[in-house]
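First up is the structure itself, then whatever we jot down about it.
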Amino acid sequence: MANNSESGGGFINNLGKIYGIYTGGFAAFVIFLAILEQMGVSNQVIGYLFVFLTIGVYALIGVISRTAEMGEYYVAGRKVPAFYNGMATGSDWMSAASFIGMAGSLYLLGYDGLAFVLGWTGGYLLVSILLAPYLRKFGQYTVPDFLGARYGGNLARFAGVIVLISASFTYVTAQIFGVGIIASRFLGISFELAVFVGLAGILVCSMLGGMRAVTWTQVAQYIILIIAYLIPVVIMSAKVTGVPIPQLMYGQALEKIAALEPALGVVKVHTSAFADAKGVMNFTDGMNFFALILCLMVGTAALPHILMRYFTTPSVRDARKSVAWSLLFIFLLYFTAPSYAAFAKLEVYQNVIGQQITALPSWVQSWGAIGLVGACDAANADTIFALCKGVKGNADGILQLSEFRIAADAIVLATPEIAGLPYVIAGLVAAGGLAAALSTADGLLLAIANALSHDVYYRMIDPHAATKKRLIISRVLLIIVAIASAYVASTKPSTILAMVAWAFSIAASGLFPALVMGIWWKRTSNTGAVAGMIAGYGVCVYYLVMTQFYGMPLWFGVKNISCGLFGIPAAFIVTYVVSLMTAAPSKEMQDFIDSIRVPKGDVKLANASDAISH
């Protein structure tokens, strides 16, 4: 992946062959580990091989892709074809929340968990229609770059940096939390140590090669994560229904679950987001359902590390095509998540509930040791884990459904063991979850480091800084932010899904209105945009912090994972009102806005005599 090979087109022209060989090599590696398992190699050794060899591959790509060129470091030289940029974006997008947490939320919440699926996928429509092509036409490195150019100065740029860092830091903490769960379970180390061990793979990939290394690493990570996600549920589908197409066959699993529930003491009540147990409309729950969808949709369209991906394509047309490919690659996992939840619940009902607690398989103890599974029975103190606090066991020695607890973050990772699949499958799933968490963490850390080094240091402090100095500062800041994120993650502030939802609401409140109105309403003034960003961000963060940490009552019953429900309208309203009260943008700025709306042609920068050619 040397620069000369890319510039000559050798690497780009052979991407299919290169990643085909990579995929075949990974498949051979999995088969090799399966053979080792049959030969009696311990589960711990297989877990170590999966974790360290896959991270080693990502690190190798990072080393090979290292660069000292600014264009390669920030936007991968804008040479990434739409298909592979879509795959990298899918990997960047499908974080630990998607891979680890989403099927778990569907397992525990049922149809109500579909809010995550609808919000995250629907957000890409907003990306493709409202933002991605126009940001690519603008042609710079970062989202704050656009804000600085559109709103004329460093105040808007700095406000964008604050929102970017807040959202991205919250998001990356969730990814490192996921890495800690995987490493602690499969490496047999404490969670607090595991989060720092996971940083090694993240830092090598993103620190050396920037966006260039992250891009090609994320393509490799997508291949692993989608294979790892599909194989267990395909096997379970074939086992239960005889047809290895879980996306079409999980209805049979749901029928079996419905048949088992009466014997397990499950009371059939209407628990949708729209009605209570008596079928009466519950407006609070319904509002939370739709509020979450809205915040996730708008947040998707405002996440800086996702929008950065569209700066790497060769053209505006490729940016649009990348969005379409991204949706396809994301669809493969999201379409599978409901079937994962269904088959996992069926396995729990059939193979776990009703068993002697003293004879439960070892995975219950293993996952219970890190607080993600609980078999709650008063007669066996050793089996009472963190999740069982407040649960009164019936002391009969038989595990009842009411006595079993499993966290959403454990469903996907633990299901291979629950279903009695070979341990190599469990290791494969762990490798997939690690790929999902690392790929997103790479993109997020890079977005934070780029904002600090490029938008703050280079644009605001030292515009004449040499390239080498800027890259060094970026890498140092990346390490500092990564260590801080690992420390916060080690304190277990909340679940993965909750932390990710907070990040989406913060980005939606602080960035989306300024970006959308900056492109689609030429009357948006500099003062109006900055005031709107401050208002939206301030309202969102205030509500989140006060309800989460200081016991403030919820406003209208809205949960704080949807704090953007208050921040988004506040930002739009303040931006609109203040813009009407202040001077309109200059004629040059309005020409600039017109130029980025047109697919072809040059961008007419309002603050520079030279246009950026596209």
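Of the cross-linked pairs 137/469; 321/469; 492/559, those separated by over 30 Å at the C-alpha level are 321/469.
When both region 220-268 and region 145-171 are represented by their alpha-carbon centers, they are found 43 Å apart. The phi-based Karplus calculation (6.51 cos²θ - 1.76 cosθ + 1.60; θ = phi - 60°) puts the 3J(HN,Hα) values of region 110-123 at x, 4, 4, x, 5, 4, 5, 5, 5, x, 5, 6, x, x Hz, whole numbers, x for Gly and Pro. The HN-Hα couplings worked out from phi for region 30-36 by the Karplus form 6.51 cos²θ - 1.76 cosθ + 1.60 (θ = phi - 60°) are 5, 4, 4, 5, 5, 5, 4 Hz, whole numbers, x standing for Gly and Pro. Amide H contacts under 5 Å for residue 406: 374, restricted to partners 5 or more places along the chain or on a different chain, H placed in the peptide plane at 1.01 Å from N.
Shape class for region 465-553, computed from the alpha carbon gyration tensor (a ≥ b ≥ c): oblate, with a/c not under 1.5 and a/b at or below b/c.
Each Cα pair under 8 Å and six or more residues apart adds its sequence gap; the mean of these over the residue count of region 437-590 is a relative contact order of 25 percent. Residue exposure proxy: 107, 487, 576, ordered by other Cβ atoms within 10 angstrom of their Cβ from fewest to most, comes out as 487, 576, 107. Rounded to whole numbers, the Karplus 3J(HN,Hα) couplings from phi for region 172-181 are 5, 4, 5, 5, 5, 4, x, 4, x, 4 Hz, using 6.51 cos²θ - 1.76 cosθ + 1.60 with θ = phi - 60°, and x at Gly and Pro. Each of 249, 589, 552 was scored by other Cβ atoms within 10 Å of its Cβ. Arranged with the fewest first, they read 552, 249, 589. The residues 550, 222, when put in order of fewest to most other Cβ atoms within 10 Å, stand as 550, 222.
Values quoted throughout were computed directly from the atomic coordinates according to the rules given, and no laboratory measurement underlies them. Remember, it's a predicted structure, so these values are computed and weren't measured experimentally. We place every Cβ from the backbone using ideal geometry, glycine too, and count neighbours over all the protein chains shown.
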